[in-house]
Amino acid sequence: MGQLCAKCAQFLYDLLLSMKTLSSNLVQNVKECLAQIRDCSCLKQTKFESRQLYKPTRQRPEEVIAQEFLQHIERGFEIPPLGEVSLSALKTLAFSENSNLQQSASLFYLHISQYLNIQLPTEHLEIYYALLKTSDLDVQRISSLSLVTFLLKGNVPKEHVIQLDLLEPILELLESNDPMVQCNSCACIMILAVSDTNREAIASAGGVVPLLTLSKSYDPRVQQYAVGAIFNLTQSEWVQQFLCRQGAIPVLTLLLESSDSEVQYYSCAALSNMATNSQRHEVMLQTGDRFLLRILLSLLSSSVDKVSNQACVCLRNLVTSVKQVVKMRLKYSFLPTI
């Protein structure tokens, strides 16, 4: 292998020297750039603002309000529990982003729901929107339970719940994965569905499908209230049509086989209401290869009186004329005289 001549060796030496100088300059330039960025006031300003955003100045007033309000509760309410001062404090707590403060508000309403013997002021009912819309599970459980209690005791007019748009968060709670929240929200719907106006509002807002889903729940309490709510909804002819389009008849028919007598009763009563319209008879009788007729006949001998009575009512509604009775006896030879 030959050796480099003096000229080529000089070229290589110059190249190495240039690369060394370039590398040195590049490193120095990078250091200077980073130093300038570090010393710039823009980063210092951002850092200051971040600290301010991390700990809002409104957090302290909320905590102070919570402490003062809880002290009033512990002292036996030196201020009226539903007065303006309490209302202002409860609004602050309920609309807070702090779940612990929201829990304080929800626990207050659960407490007074046990003994309140007057109507809950509308201003307090408006607070429930924030409590029911929260993402905190405990607040959802407590607030939905107190609302059920208020409704059962008549402290809250059912129409006001609809008018104040509380139906929206209640229906959203039907989608919860928590059985207690599901149970409470189903109970709310069941109580609210006592007038055609409310029933139609519930159906129009999308309450039918989640109720049908929860009617198949493995939790007996959830299932009872869901089917009970469906039964109350079937007392509206318009909602009956809506239920039929959503496949309620097969669901309710299968629920007749439930081991829970309450579920049997509500599902049978719902089918009885739907059978008052003779145009649905053919669909109902054809469900599951005459399964509905067979199960209704078996329920006539139920040990629970209200179940056997409701099965009889449903069969009666399915045969509303002599012509239909004759036709059904010819087609279904096992059908006895009712």
Requested in this report: Would you mind pulling out the separation of the Cα centroids of the stretch 266-316 and the stretch 128-142, in Å?
Outcome: 39 Å
**Report entry** Coil-residue GluC sites (Glu not before Pro) of the stretch 74-167, DSSP, other Cβ within 10 Å capped at 15
**Finding:** GLU78, GLU97
Query raised in the report: How large is ³J(HN,Hα), in whole Hz, for each residue of the stretch 173-179 in order, when computed from phi with the Karplus curve 6.51 cos²θ - 1.76 cosθ + 1.60 and θ = phi - 60°, using x for Gly and Pro?
Result: 5, 4, 8, 5, 8, 8, x
Report task. Towards the positive end of the charge dipole of the stretch 206-312, with charges on Cβ (+1 Lys, Arg; -1 Asp, Glu), say which of TYR265, VAL208, PHE231 has the farthest Cα. Result -> VAL208
Report summary line: Scalar couplings 3J(HN,Hα) for the stretch 305-312 by Karplus 6.51 cos²θ - 1.76 cosθ + 1.60 (θ = phi - 60°), nearest whole Hz, x for Gly and Pro, are 4, 5, 6, 5, 5, 5, 5, 5
Query - Globularity index of the stretch 168-253, i.e. its alpha-carbon radius of gyration over 2.2 N^0.38 Å - result: 0.95
Query raised in the report: When only the heavy atoms of the protein chains count and the probe is 1.4 Å, how do LYS306, LYS216 rank by accessible area, highest first?
Result: LYS216, LYS306
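The values are calculated or read from the model by the stated rules, or taken from the named source; none is laboratory data. Remember, it's a predicted structure, so these values are computed and weren't measured experimentally. Ideal geometry is used to build each Cβ from the backbone, glycine not excepted, and the neighbour counts take in all protein chains shown. All accessible areas refer to the heavy atoms of the entire protein, side chains included, with ligands and DNA or RNA removed. Shrake-Rupley method; radii C 1.70, N 1.55, O 1.52, S 1.80 Å.
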